[in-house]
Amino acid sequence: MLYFDTEQAAETAGRELLRRDIWAVLQYQPPERPAGAALRFVLTAAHDEADIQEAIAAIVDVLRTCRDSANSRSTASDFVL
């Protein structure tokens, strides 16, 4: 699970992941972070190691891109790695 300080940040990351064929479940106000949001991921027996490595690389890239974009707009980032 990935936590975000704002719903907008989670939505942005989730949309970008979907463009890369990574389906994340968006959860608003999770109990662990009621003021924010989270993205959850599901693995099944149908996923192989290559699928998992591809997903991890995409997630890391999207989070870095979103964080860098947020930092270029302000000094605070809504993205939590």
Applying the selection to the stretch 26-41, what residues are over 10 Å from T6 (Cα atoms) and within 13 Å of the chain's Cα centre (by Cα)? L26, Q27, L39, R40, F41
Inside the stretch 59-81, can you point out the residues that are modelled with pLDDT under 65 and in contact with a Ser or Thr (Cβ under 6 Å, 6 or more places away or on another chain)? A70, N71, D78
The residue that is surrounded by the fewest Cβ atoms within 10 Å (Cβ to Cβ), considering only those in the stretch 1-52 that are of a type in the set (D, E, K, R) and in contact with a Phe, Trp or Tyr (Cβ under 8 Å, 6 or more places away or on another chain), is E32
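So that you can scan it fast, the table gives a plain yes or no per residue for (1) charged (D, E, K, R); (2) at negative phi; (3) modelled with pLDDT of 95 or more; (4) in a helix (DSSP H, G or I):
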site	(1), (2), (3), (4)
Q8	no, yes, no, yes
L17	no, yes, yes, yes
D21	yes, no, no, no
P31	no, yes, no, no
L43	no, yes, no, no
A50	no, yes, yes, yes
A57	no, yes, yes, yes
Which of the residues belonging to the stretch 1-39 are more than 17 Å from C66 (Cα to Cα) and basic (K, R)? R33
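The values are calculated or read from the model by the stated rules, or taken from the named source; none is laboratory data. Worth saying up front: this structure is predicted, and the values here are computed from it rather than measured. Using ideal geometry, Cβ is built from the backbone for each residue, glycine included, and neighbour counts are taken over all protein chains shown.
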